Every structure is written in structure tokens, then in C-alpha cells.
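Input: a single structure, listed below in C-alpha cells.
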Amino acid sequence: MPASRNSAFFRFSGIDALLVALGLLGYACFALLVAPLHPDSAAEYLLTRDEAMERAEAHLVDNGYTVDGLIVSARLQRDDELLADIQHMLGRQEAVKFLSSPVSEPIGAYYWRVQYVDVEDAAENGSRFVSTSPVFTINLSQAGDLLAFNNERGASGDRSRALNDPIVRRAVAHALATNAVSADSIQQQLNAVPDSTLRSRLVFDFSGPAASMSTLLNTEGPARIDSLGMIQLARHLLAQSALSSLSWTLDDSQTARPSGTQRMRIQLRADTPLAGQQVSAELGMSATGVLTHLSATYEPQVTRDTASTTTLTFVRVGVYVVLVVVFIVLFFRRMVARLIDFRSAGIDAVVLGIMFGSIWLLSRQGMFEGLYWPTWALLLLRVVVFSFVGIFTSLFVFILSGVTDSFARDRFPSKIRPLVLLRHGQVHNATVGSSLLRGILIGGLLIGLVTVMLWLFDGAIVRQAEVMVSDAIFRPVVGDLLGGTAISYINALLLCMGFGMIAYGSRGNGWVVVPIVALGAVLLQLSPAGIHMTWEGLAINAAIGLLLGLAFLKWDLFTVLMALFSSTLLWSQKEGLLITGADSWIDGLLAILLLISLVIFAVLGIVAGEETRTVKEYVPEYVTEMAGQERVKRELEIAYQVQASFLPRSMPRISALDLAGMCLPANEVGGDYYDYIELDERYLAVVIGDVSGKGIHASFFMTLVKGILQSAARTSRSPADVLRQLNHLFYINVPSGTFITLIYGVIDIKTGTFTFARAGHNPAILLRANSTDFTFLQPAGMAVGFVDRGLFDSGIKEETVHLAPGDMIVLYTDGFSESMNTKRELYGDERLATKAAHIGCSRSASAMLRMLTEDVYHFIEGMGRADDMTMMVIKRRMDA
């Protein structure tokens with residue numbers, strides 16, 4: 001392959017070699033160091049999902065409950081707040097060691113949550129859309145021992161799921177046991193006692209002596225379980241749980257009769273803290289030996305400062321809100337200015353809307369959890385949610401992409417070029433390939449940087465989600481791919497084009513972008529590891545921001561996007577990579593294979609190279625429109641210059657005549673033209689005309705007309721002959737359909753006669769010094785350029801008028817007579833002539849011109865001029 005083919009687009013430099021080394025080192029650091037640094041490495045699937053449900057059912061059956069007809073679900077999940085507190089108390093690495101040891105069994109940082117729900121009877125409900133209600137919730141340790149139990153219906157008095165107020169004789173035996181009589185002996189005797197007897201007589205009562213077996217068998221009335229019996233019963237029930245390894249002290253006790261059977265709840269406190277946590281337990285039990293409730297709470301000995309985290313969370317939300325508002329305002333301003341590339345923004349909006357909405361199609365949680373609807377109804381609900389989320393995301397992305405693309409094209413278009421090529425399907429080239437490869441390598445550097453900083457900053461607390469990702473979404477790697485792409489894109493735009501553009505725009509210095517992007521990363525909390533906002537977390541996010549800011553400054557936006565995407569994608573697979581026995585290991589493998597595939601694709605794009613003829617530069621429509629507008633603007637400037645060059649720079653100095661003339665160009669330059677041609681000392685030619693068309697074309701025709709007239713005027717004193725020559729030459733040199741109306745006349749300065757011919761132009765206005773009336777002078781003649789010779793030559797007529805001292809002639813173009821006001825009324829020739837007569841010949845030529853112009857302006861009332869306004873006033877002085 002010729003070296004020149006792609007050398008102009010990608011050159012493997014020293015910094016690229018360093019980037020390859022650092023990127024690979026970063027991925028290696030993550031692979032080798034993340035396990036001892038992350039709490040998830042302490043989690044383990046010691047039980048399968050089915051085994052966890054079997055253990056939970058065994059606990060329920062042992063306590064006399066039935067689970068017939070109930071729907072059961074189980075999942076391994078985290079106590080995210082407890083994990084944060086343990087990291088806070090021990091340090092993260094010591095926390096990982098503690099959680100990996102057997103002594104952590106009473107700490108339910110990772111636990112199985114098994115829930116039994118009752119489905120509403122569809123026949124009773126009368127609808128196919130049935131609901132569920134929880135019955136039992138059981139938390140098991142990773143090994144399957146009981147951590148917590150809650151009887152949802154028992155708490156409210158509903159006993160329908162108990163076996164006729166079940167009796168656990170083994171537990172009752174421990175409550176009645178004494179030093180003299182063992183629990184085993186009592187249990188054998190209890191087997192002979194009817195359930196009804198035990199159910200009706202056993203109560204908690206500390207006011208009298210405890211019941212003995214002889215009392216229970218030979219007397220009637222309550223059989224008391226005293227405080228010692230209650231403690232013995234509590235110890236027996238705790239011995240069946242994961243909390244049995246702790247030594248407990250009774251804090252408080254209370255009796256309650258929520259459903260007719262005497263029950264108690266007692267508060268217990270562990271004698272020694274565990275992992276810096278003061279452990280407390282609440283145990284609920286009935287006098288018949290049934291465990292009705294068990295829960296444990298963990299209070300850190302040193303309270304973790306959550307105020308700063310809460311404050312920064314509000315700041316983060318506030319920053320997002322401010323950025324969104326700013327982008328919305330900028331979007332509408334740019335849209336009004338027609339500076340939005342709707343096509344590109346639309347592509348981004350549709351793609352990311354589908355991606356983000358698809359996450360909800362794959363979701364197992366939220367509104368979809370616990371719904372037992374018909375399949376078609378569940379599918380319809382998912383489609384509705386997908387549509388709503390997709391539309392909302394698309395709208396947001398459309399605004400975000402439209403604004404950032406518009407600003408980037410103004411300030412640093414090279415920063416978005418790979419993204420533009422990718423957006424429009426041009427993916428196999430060196431530009432996209434090099435940005436893709438660099439982004440993945442910077443992603444490795446980023447994830448390695450986070451890993452090393454977690455090792456250095458042991459106080460940094462890793463934030464965890466409660467639910468494992470494999471239980472939150474049907475296929476985690478697909479959700480991470482879709483959601484990661486959308487979120488990385490949005491964050492990259494907000495970070496680089498939001499904070500970066502603001503910094504660049506305010507200072508005009510590229511290096512200012514780096515610290516501002518670092519600040520943005522802190523405020524937006526872009527760390528893929530999800531670090532709590534302690535000072536260590538701030539430092540990690542700031543380092544990430546500096547790295548991304550440098551990448552954006554050195555390369556482009558797509559590089560930053562891929563860095564965020566690749567690091568986030570890989571970190572999201574930590575469950576499958578760290579948790580032993582996790583089903584999501586396949587998702588971690590697929591994520592790694594995806595990154596390798598992207599690297600291969602990038603290398604192939606670089607090797608393929610890039611040529612101008614194969615990679616077309618995309619130009620948005622608004623840029624093309626702006627170029628057209630600039631071209632029109634330039635043409636107008638040229639036309640103005642041409643028109644100005646035609647007009648007299650000063651009036652001829654003739655003692656017998658008072659002359660005034662002006663041409664006021666409109667917004668769109670027309671073809672108005674006036675001139676004085678001094679033929680000799682006695683004769684002065686005057687001309688006023690209006691070329692059809694606008695802009696530079698009209699200016700060109702004006703050039704032609706002026707040149708012909710300047711030449712023809714010196715060959716004949718007859719205005720009609722001059723116009724015949726002009727018509728012939730104009731007709732054969734201009735395109736068909738182009739014409740010019742004009743008046744050409746010659747003034748005999750000595751005698752005051754004015755001989756002129758009119759070629760389809762507005763009439764001349766004659767004003768007499770001794771009269772207050774006016775006269776329209778309009779000899780026959782058609783516009784120049786309509787026809788050649790014959791008809792024009794025979795139709796053009798001359799007229800001669802004698803100007804006495806003080807008389808005036810006013811010549812004008814249709815810019816005066818066709819001026820229109822807000823009522824759509826024309827000013828008209830009559831109004832103009834009447835106003836001129838009213839002003840009278842006593843005024844100077846310049847005063848007449850000024851007052852007529854002011855009257856027209858007053859008439860149009862700010863409507864603006866649609867055409868050039870040109871006028872000439874010729875007055876014979878009184879002393880001529």
C-alpha cells in the first residue's frame with residue numbers, strides 16, 4: 001500500500017505509541033488490581049436461585065407456615081448503605097477482606113432476598129389484570145442462613161397463611177425448659193398435649209411464676225412464659241439464624257396482641273461491634289414458638305458524613321438542569337437564526353432515543369416487577385414505556401446535538417469530524433478508525449487510572465446498586481451497550497461541548513478547556529466506578545476530567561465519547577468478572593470481545609486509509625444556505641458599488657440652472673440610474689432610467705446603458721435618435737425579457753428649451769412659476785429592449801417645452817410612485833405631482849427634492865422601501 005494514501009490522515013506518532021502502552025497498561029491494572037479493591041469480589045453465589053428458595057421454604061415450614069399457592073422469587077442483592085458504612089469504617093481494602101471472611105456472616109451486606117407473593121384470584125377480581133400482594137419476605141446470607149424475616153400479613157393480623165395458629169413444640173420446649181428439666185424431655189411431653197390446649201393457654205406473662213409441665217397438664221388457665229423463658233425462646237430462634245454467632249444483650253421488650261395470640265417483640269444489642277458497626281436486632285415471636293419477625297440494623301460507630309454527598313448530589317442535579325435550560329435557550333436562538341443542522345440532530349435523536357428506550361424493553365424491574373398480566377398487555381405496556389422514554393430522550397438529544405454541532409462548526413469543526421462521518425455512515429476510514437482506537441485506549445487509561453487511584457485512596461467509597469444488574473435487565477451486556485452509548489454520548493456533549501465551549505468561547509484559549517472540563521467531570525460525577533463524593537471521590541473525578549479534557553484538546557469529541565463508553569462498559573461487567581458463580585460472566589466476556597472487535601475494526605479503518613474522493617465531506621443545509629446568503633450579500637455589495645459609481649459625484653455647475661438629484665437604494669439593489677452629460681457649453685443632456693431586475697445583473701445592464709448613452713449622446717442632438725440607437729444595441733446584447741424605462745432629454749441652456757423622449761418611463765412633471773398647477777409630460781414611446789428597430793423606432797416621440805425663469809421639471813422612477821403604506825395603498829403619480837405643485841417653484845431644486853422625499857417617507861409609515869427611489873429636479877433660475 002502506498003504510504004501517501006493515508007499518511008496525511010493518520011501518522012503513528014510518539015504520543016500514539018505512548019497511548020498504546022498506557023492504554024494496555026490501564027486495562028492490565030484493572031484486570032489485576034480491581035478484585036482486592038472492590039467489595040463485589042467478596043460476594044459469591046454459594047447457592048443457586050432454586051437452592052435459596054428451598055432454604056427459605058424450609059425456614060417457613062419449620063415455623064409452621066405454609067407456602068402453598070404462593071409465587072416465590074429470589075435474587076442476590078446488596079445493602080448499598082451498609083457496604084458504604086463498612087468501607088467508611090474499615091477502609092475499602094480491609095472491608096473487602098472482612099466481607100470475604102466467615103466472620104462477616106451476620107453482616108448482610110450481600111444477601112438473598114426471597115419473597116413470597118399471593119396473586120389475586122382472577123375469578124374474584126373479574127379481570128385478567130390481577131395484582132399481587134407480599135406475604136413473606138426472607139433475607140438469607142450467601143450461605144443460606146436466616147438474616148431477616150417479615151410476615152407481611154401476620155403483622156396486619158391476617159392469619160390465613162398460618163397452619164391454624166401453628167405450634168412449634170421444639171421452640172415452646174426451650175421456653176419452658178429449666179435447669180432441672182431439659183428441652184428434649186419437655187418436647188416429648190408436649191407431643192401429648194393437644195394443639196388447642198397449647199394455643200389457648202400459652203402466654204407471655206412476667207407477673208407470676210413460670211408454668212411447668214404439670215401446671216400445663218393438670219390445671220386450667222394461662223400457662224405463663226416468664227422473662228427467662230422468653231429469653232430462652234429468643235436464643236433458640238436466633239440460633240437458627242445467621243446472627244447466632246454474636247453475643248446478645250436484651251435491650252427492651254414489649255407485648256402485643258395483634259391477632260388474638262400473645263406475641264412479643266424484643267430488642268437485642270450485640271455485645272461487641274462488628275466491622276465498626278453496632279449491630280441491633282428486633283425479634284418477634286409468639287408464645288406458641290413461631291418466629292413472626294426478625295430484622296437487623298447496623299449503625300456505624302463513626303457516622304459517615306452524608307451531608308457533603310447530598311449537597312453535591314443537589315449541585316449535580318442543578319448543573320444538569322442549568323445546562324439543559326442553557327441548551328434549550330441556545331437551541332431556539334440558533335434555530336431562529338437558521339443555524340441548526342436538523343438532519344444530523346435528527347439522526348442522533350432517533351438512534352439514541354431507540355437505544356435508551358430499548359433499556360426499558362429489557363428491564364425486569366420497576367413498573368414491570370410483580371405484574372401478572374396477559375402477555376399482550378405486558379408487551380403493550382413495554383412498548384408504551386419504550387415510546388415515551390424514547391420520545392423524551394430523542395427530544396433532549398435533538399436539542400443537545402443540534403446546539404453542540406452548530407457551535408462546534410463555528411469554533412472547532414475538526415473536533416466533530418469523525419462523529420459527523422460516523423453519523424452519516426462513513427465508518428471505514430482512517431479518521432473514524434484512529435479516533436475509535438484512541439478512544440478505546442484512553443478508556444483503558446481511564447479505567448486503569450481509576451483503579452490505581454482506588455488503590456492509592458483507600459478512603460474512596462465505591463457506590464453500589466442494590467439489585468444485581470443480571471436481575472435488573474434481561475441481558476446486561478446489551479443494556480450496558482445501549483445505555484452506555486446513550487449516556488456516554490450525552491455526557492461527552494455536556495462535558496466537552498457544554499463546559500468546553502463555554503471555556504473556549506469566553507477565553508479563546510484552548511488550554512482553558514482542560515481545567516473547565518475537569519470541573520465539569522467533578523460536577524457531573526463521570527467516574528465509571530460510581531465513587532461517593534468524599535474528597536477522594538472529588539480527586540478521582542477531577543483526574544478523569546483532566547484526562548478527558550486533554551483528549552478533547554488533542555484529538556476530538558468522538559475520542560472522548562469512546563473513552564467514556566469503553567471504560568463504562570468494562571466497569572459495568574464487574575459483577576460477572578468479580579462475583580464467583582455469577583451468571584453474568586458471559587456478559588463480561590462478550591463486553592471484552594466487543595472491545596477487541598472494535599479495536600480490529602479501527603485498525604482496519606486506519607489501514608484502509610482515507611481519500612478525498614471516497615470520504616465525502618458532509619455540509620449541513622444551513623451552511624450551504626449561509627454560503628448562498630454570503631454570495632448574495634457580496635453580489636449586493638458589488639451592485640451597490642456599481643450603482644454608486646454610475647451616479648454623479650456632484651451636480652454640474654451651470655449658472656442658468658438649479659439642479660438636484662439623488663438615488664436612494666433599497667435593501668435589494670435595483671437598476672435605477674440617473675446622469676448628466678455635458679455635451680458642450682450650451683447643451684446639457686439629462687437621463688433617468690430603471691433597469692428591470694435586481695442585484696448584480698441589473699448593475700451590469702446599467703453599465704451597458706451608460707456606455708451606450710455616453711457614446712450616442714455625442715452623435716446626435718435628437719433624444720429620439722439617441723434612444724433608437726440605445727434600443728438597438730441594448731436589444732442585441734441582453735437576454736430576452738430584459739428592458740429599461742428611461743427619459744432622455746437635452747436642455748438648451750441659452751434658450752431654456754427642454755427636448756426629451758420617454759421610453760415607457762413615468763411621466764415628467766412640469767411646474768410653472770406663475771401657476772399652482774402641474775402638467776404631466778408623457779410623449780409616446782415603449783421601453784428599451786422590448787423590440788428591435790421598426791416598432792420602437794416609429795413609436796418613439798419627442799416633446800419640447802420652454803422653461804421660463806423659475807419653472808421646474810421633476811423626473812423620477814417608480815420607487816416614488818409605487819411606494820406602499822401599511823394599508824397596501826400606493827403613493828401614485830397624482831399624489832406626487834400634487835405635492836410638488838403644492839410646494840411650488842419658489843423653492844430650490846434641492847428643497848423640492850427633499851420635501852417630496854419626506855412626504856413619501858411619511859406616507860409609507862415605516863414599511864420600508866421595496867425599490868430604489870431616484871429623482872432629478874431641474875429648475876431654470878430667475879436670473880437666467
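The values are calculated or read from the model by the stated rules, or taken from the named source; none is laboratory data. If you're wondering where the values come from, they're calculated on a predicted model, not measured in any experiment. A quick note on method: Cβ atoms are made from the backbone with ideal geometry, for glycine too, and the neighbour counts reach across all protein chains shown. Protein only, heavy atoms only, side chains kept; ligands, DNA and RNA dropped before computing areas. Shrake-Rupley method; radii C 1.70, N 1.55, O 1.52, S 1.80 Å.
Tabulated data
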| read-out | value |
| --- | --- |
| Length-normalised contact order of region 413-546 in % [C-alpha pairs under 8 Å, at least 6 apart] | 27 percent |
| Percent antiparallel among DSSP beta bridges (both partners in the chain, rounded to 5) | 95 percent |
| Cα-only radius of gyration and Dmax that characterise region 374-476, units Å | 20.1, 55 |
| Nearest-10 value in Å² for the accessible area of residue 674, using the 1.4 Å probe | 10 Å² |
| Prolate/oblate/rounded call for region 247-362, Cα gyration tensor, a/c under 1.5 rounded | prolate |
| For residue 712, net neighbour charge (Lys/Arg +1, Asp/Glu -1) across residues whose Cβ lies under 12 Å away | +3 |
| Residues of region 62-85 with amide N under 12 Å of a point placed 7 Å along Cα→Cβ from residue 132 | 70-75 |
| Chymotrypsin sites (Phe, Trp or Tyr not before Pro) restricted to DSSP loop in region 687-758 with at most 10 other C-beta within 10 Å | none |
| Angle between the chain longest axis and helix 719-733 axis [Cα atoms, degrees, rounded to 10] | 40 degrees |
| Correct option for Kirkwood radius over Cα pairs in Å [calculated from the coordinates] among (i) 36.0; (ii) 29.5; (iii) 33.7 | (i) |
| Coil-residue trypsin sites (Lys or Arg not before Pro) of region 399-464, DSSP, other Cβ within 10 Å capped at 11 | none |
| Residue 375-residue 593 pseudo-label distance in nm [points 7 Å out on the Cα-to-Cβ vector] | 2.8 nm |
| Accessible surface, the chain, averaged per residue in Å² (probe 1.4 Å) | 44 Å² |
| Neighbourhood charge, 13 Å Cβ-Cβ cut-off, centred on residue 303 and excluding it, Lys, Arg +1 and Asp, Glu -1 | -3 |
| Exposure of residue 379 as accessible area (Å², to 10), given a probe of 1.4 Å and all protein chains | 100 Å² |
| Accessible-area order (highest first, 1.4 angstrom probe) of the listed residues 583, 471 | 583, 471 |
| Cut-off under 5 Å, modelled amide H: who pairs with residue 274 long-range | 279 |
| Neighbourhood net charge (15 Å Cβ-Cβ; Lys/Arg +1, Asp/Glu -1) for residue 175 | +4 |
| Contour minus Cα-Cα distance for residue 25 and residue 250 (0.36 nm per residue) | 75.5 nm |
| Between 0 and 90°, nearest 10: helix 14-37 axis offset from the chain longest Cα axis | 30 degrees |
| The chain: relative contact order as a whole-number percent, Cα under 8 Å and 6+ apart | 11 percent |
| Nearest-ten-degree value, helix 307-336 long axis tilted from longest Cα axis of the chain | 30 degrees |
| Karplus 3J(HN,Hα) series, Hz, for region 38-43 with 6.51 cos²θ - 1.76 cosθ + 1.60 (x for Gly, Pro) | 10, x, 4, 5, 7, 7 |
| For region 760-818, diffusion coefficient by Stokes-Einstein and Kirkwood Rh (Cα), 37 °C, 0.692 mPa s, µm²/s | 247 µm²/s |
| Heavy atoms of residue 152: accessible area, 1.4 Å probe, square angstrom to 10 | 60 Å² |
| Distance histogram in 10 Å bins (all Cα pairs of region 397-539, percent per bin) | 10, 31, 37, 19, 3 |
| Where chymotrypsin sites (Phe, Trp or Tyr not before Pro) fall in DSSP loop in region 339-433, at most 10 other Cβ within 10 Å | none |
| Carbon plus sulfur fraction of accessible area for the chain, probe 1.4 Å, in percent | 58 percent |
